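The block underneath contains the structure these notes are about, expressed in C-alpha cells.
The values are calculated or read from the model by the stated rules, or taken from the named source; none is laboratory data. All values derive from a computational prediction rather than experimental measurement. Cβ coordinates were reconstructed from backbone atoms using ideal geometry, including for glycine residues, and neighbour counts include every protein chain displayed. Remember, those area values only see protein heavy atoms, side chains included, never the ligands or the DNA or RNA. Shrake-Rupley method; radii C 1.70, N 1.55, O 1.52, S 1.80 Å.
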Amino acid sequence: MTKIIIIDDHQLFREGVKRILDFEESFDVVAEGGDGEEALQLYDEHLPDVVLMDINMPGINGVDATAELLEKHPDAKVIILSIHDDESYVTHALKSGALGYMLKEMDADEIVNAIKVVSDGGSYLHPKVTKNLVAEFRRLSEHENKGNFHQTDIRRPYHLLTKRECEVLQLLTDGQSNRTIGETLFISEKTVKNHVSSILQKMAVSDRTQAVVTAIKNGWVEVR
C-alpha cells in the first residue's frame with residue numbers, strides 16, 4: 001500500500017482528493033492536515049510514502065514546510081498542489097525538494113499517475129507547467145543571445161527512438177497530457193503510457209521533464 005498524507009487548508013478540497021484516492025486499492029490516505037506545521041507533525045506520526053502539500057497555507061506555507069520536512073527526512077516525497085502555473089512558483093517548489101508539482105485543475109487520472117510516479121522515485125509536473133517551463137527556457141535562450149535566438153534544424157533522434165516515439169516526445173514538449181496525446185495521435189492512453197516508458201528508458205532519464213529538457217538541448221524537438 002502507498003501511504004498518503006493530504007495537507008490543504010480547504011477541507012472540501014481535501015475531501016474531494018481523498019474520494020479520488022479511495023478508488024485506488026493500492027492507496028491509503030492515512031492522515032489529513034490544514035497547514036505546514038500539521039504536515040511536519042503528521043509525517044513524524046505516520047511516515048507516509050507521499051505527501052500532497054498545498055503551496056499556499058496559513059502559518060508555514062507548503063514550500064517552507066517541504067524544505068523543513070526534507071531537512072529532517074531527506075527521503076520524503078512531496079507533491080506540491082497549487083493554482084499557480086507560473087514558473088517562479090514551480091522553481092521555488094522544486095528547489096525546496098518537492099518531487100512533483102500539480103495544478104488543482106488536475107483530473108483524477110493525473111493525480112493518481114503523479115502519486116504513482118513520485119512513489120516509485122520519479123518526479124512529475126503537470127503538463128501545463130511543463131509547457132510554461134519550456135516557454136521560460138526559450139525566453140532565457142533569447143535573452144542570452146540578445147534577441148538573435150533561432151532554433152537550428154530539428155534533428156529527430158531516429159537513431160534512438162521510433163517515429164511514433166518522436167511524435168510523442170514532441171507532444172510532451174508541447175505540454176500535452178497522456179490523454180491529449182492519445183487523442184492527437186488516435187491511439188489509446190495506455191499506448192501513450194507505453195511509449196512514454198519506452199522513451200524514458202531509451203533516453204536514460206527518470207521522468208518526463210528530464211526527457212523534454214534533454215530533447216530541447218539536443219535539438220530533437222521544436223520549441224513552439
Exercise for the section: Leaving out ligands and nucleic acids, note down the accessible area per residue over the stretch 1-41 with a 1.4 angstrom probe, in whole Å². Expected result: 54 Å²
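How do E71, E24 stack up against each other in accessible area, from largest to smallest, with a 1.4 angstrom probe?
E71, E24
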Handout entry: Degrees separating the helix 108-119 axis from the principal Cα axis of the chain, which is the longest one
Key = 90 degrees
Completion exercise
Note on the chain: contact order normalised by length, alpha-carbon pairs under 8 Å, 6 or more apart, percent, works out to 14 percent
Completion exercise
From most to least accessible, 1.4 Å probe, no ligand or DNA/RNA atoms counted, H92, H73 line up as H92, H73
Exercise for the section: Calculate what fraction, in whole %, of the accessible area of the chain sits on carbon and sulfur atoms when a 1.4 Å probe is rolled over the protein chains. Expected result: 49 percent
Handout entry: Subset of K18/K202; K72/K202; K77/K202 violating a 28 Å alpha-carbon distance limit
Key = K18/K202; K72/K202
Practice task
Please list, in chain and number order, the residues 5+ apart from Y101 or on another chain whose amide H is under 5 Å from its amide H, with Hs placed from the backbone.
Solution key: I80, Y124, L125, H126
Fill in the blank from the handout: Plugging the Cβ-Cβ distance of I187 and D64 into 1/(1 + (r/R0)^6) at R0 = 35 Å yields, to the nearest 0.05, a FRET efficiency of 0.25
Exercise for the section: Any chance you could give the angle, 0 to 90 degrees and rounded to 10, that helix 163-173 forms with the longest Cα principal axis of the chain? Expected result: 50 degrees
Exercise for the section: Report, ordered by chain and residue number, the aspartates and glutamates lying within cross-link reach of K104, taken as a straight Cα distance under 13 Å and ignoring same-chain residues fewer than 8 apart. Expected result: D8, D54, D85
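How much length is gained if the chain between E71 and K202 is pulled fully straight, taking 0.36 nm per residue apart and subtracting their Cα-Cα distance, in nm to one decimal?
That works out to 43.8 nm of additional length.
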Practice task
Any chance you could run the full-extension gain for V213 through E25? It's 0.36 nm times the residue separation minus the Cα-Cα distance, nm to one decimal.
Solution key: 64.3 nm
Handout entry: Interchain or long-range residues, amide H under 5 Å from M57's placed H
Key = G62
Handout entry: Long-range amide H partners of G33 with built H, under 5 Å
Key = I6, I7, D8
